[in-house]
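Student: One structure, pasted below without further comment.
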Amino acid sequence: MKREPLAGPGRGAVRRALLRLLFVVGLPALLVVGWWLASDGSTNVYWPPLRTILKTFPDVWTGERLRADLLPSMERLLGGYAAAAVVGVALGTVIGSYRKVRAVCEPVLEFLRAVPPPVLVPVIMLFAGIGDTMKIVVIASGCVWPILLNTVEGVRAVDSVMSETARSYGITGVARLRSLILRSASPQIFAGLRQALSIGIILMVISEMFAASNGLGFTIVQFQRGFAIPDMWTGILVLGLLGFLLSVVFQLVERRVLDWYHGLRAASRRSP
Amino acid sequence: MRGANAALGAAGLAAFLALGEAVPRLGLIKEDYFPPTSRIAKALGTELADHAFWTALGDTLTGWALGLAIAVSAGILVGVVISVVPHLREATASTIEFLRPIPSVALIPLAVLLYGTELRSVLLLVVYASFWQVLIQVMYGVQDVDPVADETARSYGLGTWARVRHVLWPTALPYVMTGVRLAAAVALILTITAELVIGAPGLGARIALAETSQAVPEMYALIVVTGLLGLLINVGARTVERRALAWHQSVRGEVTV
């Protein structure tokens with residue numbers, strides 16, 4: 001007697017969960033199977049069978065290569081990205097806070113942002129040679145613009161009522177910066193950080209394709225030049241996975257940091 | 001106010017250029033690495049007089065425009081279809097989330113193998129990178145459709161096509177325009193990158209050439225050109241956006257009384 005009302009919603013929930021799972025993995029599975037079947041008998045050198053690529057994968061990306069290529073790449077990416085974030089948020093806060101400074105800097109910043117970041121690789125190679133410094137500087141100088149400009153916009157848009165309130169409560173200095181300005185600008189700052197992340201990965205790969213002795217970009221180009229096509233494909237897969245993983249990590253961090261903001265938006269949407 | 005801001009902006013630009021002239025002249029940075037503004041300007045003049053420069057500019061613009069056009073039409077088409085057909089959105093969400101963050105430069109080796117330095121390898125990279133910008137915006141835009149308006153259209157017996165045309169498209173257009181603006185910038189970056197790394201003809205290849213032949217002022221002049229090009233594309237995209245959405249803002253202005 002008691003079991004029936006329990007079984008109903010329970011089964012419904014299981015069905016819903018299964019359906020959702022089907023939606024999530026359905027198409028990817030279909031695509032992978034499609035790729036597998038379509039390429040299985042492939043004799044085209046450039047499109048090796050997926051079977052071969054997957055078999056090559058563990059041979060290529062073993063401990064040694066992970067340590068020698070993936071790790072340096074990640075270090076450069078994180079170093080450049082972190083530097084860009086610090087510089088971008090700091091400069092952006094200053095520029096956004098003072099109307100005059102903003103007016104003076106705006107045209108120059110717009111121009112610098114409009115320069116496609118990869119053309120900086122040859123320039124920075126002149127200054128910094130072809131070592132790690134060059135790559136970190138390249139990544140930082142490309143990533144800094146979206147962060148900087150978004151911070152400027154965010155700081156500019158700080159609610160004037162809140163700003164006045166903070167002033168009348170005597171909240172100044174670091175406290176004001178932390179709990180008013182940076183906090184209310186943080187959704188914008190995160191939008192900039194997200195844009196910067198994909199630019200950072202692009203620049204990491206390109207700077208390594210240009211001049212390097214290790215790193216993901218370098219290795220993949222080596223494979224391509226040596227006509228090690230399945231190996232090259234595994235490299236493309238690794239870059240894809242890396243991009244995907246970094247974006248997942250970013251989303252997790254963003255959700256944590258901007259939790260209050262999403263809650264606020266959801267609340268204001270419910271009661272317009 | 002606007003005039004004052006423009007004057008301050010011009011002052012900032014002048015200061016930037018003056019700094020570029022002074023720093024190498026004072027020996028703070030080696031002139032071989034960072035030539036003074038005047039030498040870059042002179043190199044730019046020589047470039048502008050060179051026929052090959054204009055051919056390169058034409059190649060770059062062709063790659064950019066063609067890639068953007070393909071990416072925008074494909075993005076809009078796929079975005080609308082995915083959003084309109086029931087359950088297609090849920091079914092494709094995970095795939096899109098997976099494919100989108102894959103850096104387009106990962107395809108460089110493949111593009112080189114398949115098409116060499118042809119225009120097609122540029123297009124492969126440009127289309128892949130810009131497509132997602134448009135697609136995501138279209139999907140957000142369609143999601144924003146007012147359910148009441150949609151239900152009203154349904155109860156008046158509008159068919160799928162008419163609903164797409166009269167309800168969905170006007171709602172999604174602002175989002176689409178943002179997507180196009182983002183895609184235009186991304187397309188330029190990828191066009192120049194492809195030329196720079198693969199060696200497909202265009203401004204990027206010319207920069208690479210200037211770099212290898214140690215023609216430093218020319219290299220800077222070409223980089224300035226790419227920056228101006230990016231600026232023009234940004235301004236142009238914003239103008240198009242404002243034109244296409246003129247009705248939108250005016251309508252919104254009337255409604256929110």
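The values are calculated or read from the model by the stated rules, or taken from the named source; none is laboratory data. All of these numbers come straight from a predicted model, not from anything done at the bench. When we count neighbours, we look across all protein chains shown, and the Cβ atoms used for this are built from the backbone with ideal geometry, even at glycine. The area values use the complete protein model at the heavy-atom level, side chains included, leaving out ligands, DNA and RNA. Shrake-Rupley method; radii C 1.70, N 1.55, O 1.52, S 1.80 Å.
Student: Name the residue from A:V89, A:I201, A:T165 whose Cα lies farthest towards the positive end of the charge dipole of the protein assembly as shown, charges +1 on Cβ of Lys and Arg and -1 on Cβ of Asp and Glu.
Tutor: Sorting the options by dipole projection puts first A:T165.
Student: Is the shape of region A:107-237 best called rounded, prolate or oblate, per the rule: a/c under 1.5 gives rounded, else a/b larger than b/c gives prolate, else oblate, with a ≥ b ≥ c the square roots of the Cα gyration tensor eigenvalues?
Tutor: Working: a/c = 3.45, a/b = 2.64, b/c = 1.30.
Here region A:107-237 falls in the prolate category.
Student: Which is farthest toward the positive dipole end of region B:150-239 among B:W161, B:L190, B:L231, measuring Cα position about the Cα centre, with Cβ charges +1 (Lys, Arg) and -1 (Asp, Glu)?
Tutor: B:W161
Student: Sticking with this one: So what does A:D59 come to for accessible area, using a 1.4 Å probe and Å² rounded to 10?
Tutor: 110
Student: Computing the accessible area with a 1.4 Å probe over protein heavy atoms, can you report the carbon and sulfur percentage for region A:1-134? Let's see the in-between values first.
Tutor: Working: 5810 of 8310 Å².
Roughly 70 percent of what the probe reaches on region A:1-134 is carbon or sulfur.
Student: Another one. Calculate the mean, over all residues of peptide B:106-115, of how many other protein chain Cβ atoms lie within 10 angstrom of the residue's Cβ. Walk me through the numbers before you get to the answer.
Tutor: Numbers: counts 14, 3, 9, 14, 8, 1, 4, 7, 2, 0.
Neighbouring Cβ atoms belonging to other protein chains average 6 per residue here.
Student: Between A:L19 and B:A11, how high is the FRET efficiency from 1/(1 + (r/R0)^6) when r is the Cβ-Cβ distance and R₀ = 60 Å? Nearest 0.05.
Tutor: Details: r = 62 Å, r/R0 = 1.04.
Using R0 = 60 Å, I get an efficiency of 0.45.
Student: Calculate what fraction, in whole %, of the accessible area of region B:105-257 sits on carbon and sulfur atoms when a 1.4 Å probe is rolled over the protein chains. Display every interim value, and only then the final one.
Tutor: Details: 4310 of 6980 Å².
Percent of accessible area from carbon and sulfur atoms in region B:105-257: 62.
Student: Enter the angle in degrees (range 0 to 90, nearest 10) between the Cα long axis of helix B:169-198 and the first principal axis of the Cα atoms of chain B, meaning the one along which they spread out most.
Tutor: 30
Student: Among A:W35, A:P58, A:T219, whose Cα sits farthest toward the positive end of the charge dipole of chain A (+1 at Cβ of Lys/Arg, -1 at Cβ of Asp/Glu, about the Cα centre)?
Tutor: A:W35
Student: I need the calculated FRET efficiency for the pair A:R178 and A:F111, taking r as the beta carbon distance and R₀ as 35 Å, to the nearest 0.05. Intermediate results must be reported in sequence, preceding the final value.
Tutor: Numbers: r = 32 Å, r/R0 = 0.91.
The formula returns an efficiency of 0.65 here.
Student: For the pair B:L88 and A:T165, what calculated FRET efficiency results from E = 1/(1 + (r/R0)^6), where r is the Cβ-Cβ distance and R0 = 51 Å, to the nearest 0.05? Walk me through the numbers on the way to the answer.
Tutor: Details: r = 47 Å, r/R0 = 0.93.
For A:T165 and B:L88, the calculated efficiency is 0.60.
Student: How large is the charge dipole for chain A, taken about the Cα centre, if only the Cβ atoms of Lys, Arg (+1) and Asp, Glu (-1) carry charge, to the nearest 20 debye?
Tutor: On the way: 28 positive and 16 negative charges, 267 e Å.
So the dipole magnitude of chain A works out to roughly 1280 debye.
Student: Now for a different question. Would you list the membrane-span-like helices of chain A, meaning whole DSSP H runs whose alpha-carbon atoms span at least 27 Å along their axis and whose mean Kyte-Doolittle value is at least 0.5?
Tutor: Working: long enough: A:3-40 (51 Å, 0.74); A:71-97 (38 Å, 1.19); A:132-156 (36 Å, 0.96); A:182-210 (40 Å, 1.09); A:229-257 (42 Å, 1.36).
In chain A, the long hydrophobic H runs are A:3-40, A:71-97, A:132-156, A:182-210, A:229-257.
Student: Is there a quick way to get the dipole size of the protein assembly as shown? I mean about its Cα centre, with the Cβ of Lys and Arg at +1 and of Asp and Glu at -1; what is the value in debye to the nearest 20?
Tutor: On the way: 45 positive and 34 negative charges, 368 e Å.
It comes to approximately 1760 debye.
Student: State whether region B:154-228 is rounded, prolate or oblate according to the following rule on the C-alpha gyration tensor (a ≥ b ≥ c being the square roots of its eigenvalues): a/c under 1.5 gives rounded; otherwise a/b larger than b/c gives prolate, and the remaining case gives oblate.
Tutor: Details: a/c = 7.90, a/b = 4.02, b/c = 1.97.
The shape class here is prolate.
Student: Let me ask something else about it. For chain A, what is the mean residue ellipticity at 222 nm derived from helices alone (per DSSP H run of n ≥ 4: -39500 (n - 2.57); sum divided by total residues; nearest 500 deg cm²/dmol)? Could you put the intermediate results ahead of the total?
Tutor: Values: 12 runs with 219 residues, N = 272.
Computed ellipticity for chain A at 222 nm equals -27500 deg cm²/dmol.
Student: Then there's this: Extending each Cα 7 Å along its Cβ direction at B:K30 and A:T43, get the distance between those two points in nm, one decimal.
Tutor: For the pair B:K30/A:T43, the computed spacing is 5.5 nm.
Student: Something else: Once the Cα atoms of helix B:2-25 and of chain B are each reduced to a long axis, what angle between those two axes, in degrees from 0 to 90 to the nearest 10, is obtained?
Tutor: Here the helix axis deviates by roughly 40 degrees.
Student: Which aspartates and glutamates does B:K42 reach when only Cα atoms under 20 Å apart count, and residues fewer than 8 places away in its own chain are ignored?
Tutor: Hits, sequence-local ones excluded: B:E21, B:E31, B:D32, B:D50, B:E211, B:E218.
Student: To continue, here is another question. By how many degrees, 0 to 90 and rounded to 10, does the Cα axis of helix B:119-143 deviate from the longest principal axis of chain B?
Tutor: With rounding to tens, the tilt is 40 degrees.
Student: Can you bin region A:1-100 into rounded, prolate or oblate? Criterion: square roots of the alpha carbon gyration tensor eigenvalues sorted a ≥ b ≥ c, rounded for a/c under 1.5, prolate for a/b above b/c, oblate for the rest. Walk me through the numbers before you get to the answer.
Tutor: Values: a/c = 2.72, a/b = 1.21, b/c = 2.25.
Judged from the Cα gyration tensor, region A:1-100 comes out oblate (a/c at least 1.5, b/c at or above a/b).
Student: Within region B:1-69, report the chymotrypsin sites (Phe, Trp or Tyr not before Pro) that DSSP leaves as loop and that have at most 15 other Cβ atoms within 10 Å.
Tutor: Working: sites: B:F16, B:Y33, B:F53, B:W54, B:W64; in loops: B:Y33.
Listed in order of number, the matching sites are B:Y33.
Student: Same structure again: Using a 7 Å offset from the Cα along the Cα-to-Cβ direction at both A:L245 and A:R11, what is the distance between the two label points in nm, to one decimal?
Tutor: 4.2
Student: Measuring from label point to label point, each 7 Å out along Cα→Cβ, what is the B:A18 to B:L61 span in nm?
Tutor: In this crude label model, B:A18 to B:L61 measures out at 3.5 nm.
Student: While we're looking at this one, here's another question. Consider a paramagnetic label point 7 Å from the Cα of B:D146 along Cα→Cβ; state which residues of region A:232-272 have an amide N under 16 Å from it.
Tutor: The answer is A:272, whose backbone nitrogens lie closer than 16 Å to the label point.
Student: What percentages make up the Cα-Cα pair-distance distribution of region A:25-156 when the bins are 5 Å wide from 0?
Tutor: 2, 9, 12, 13, 11, 10, 11, 11, 9, 6, 4, 2, 0, 0
Student: Bin all alpha-carbon pair distances of the protein assembly as shown at 20 Å intervals from 0 and give each bin's fraction as a whole percent.
Tutor: 18, 52, 27, 3, 0
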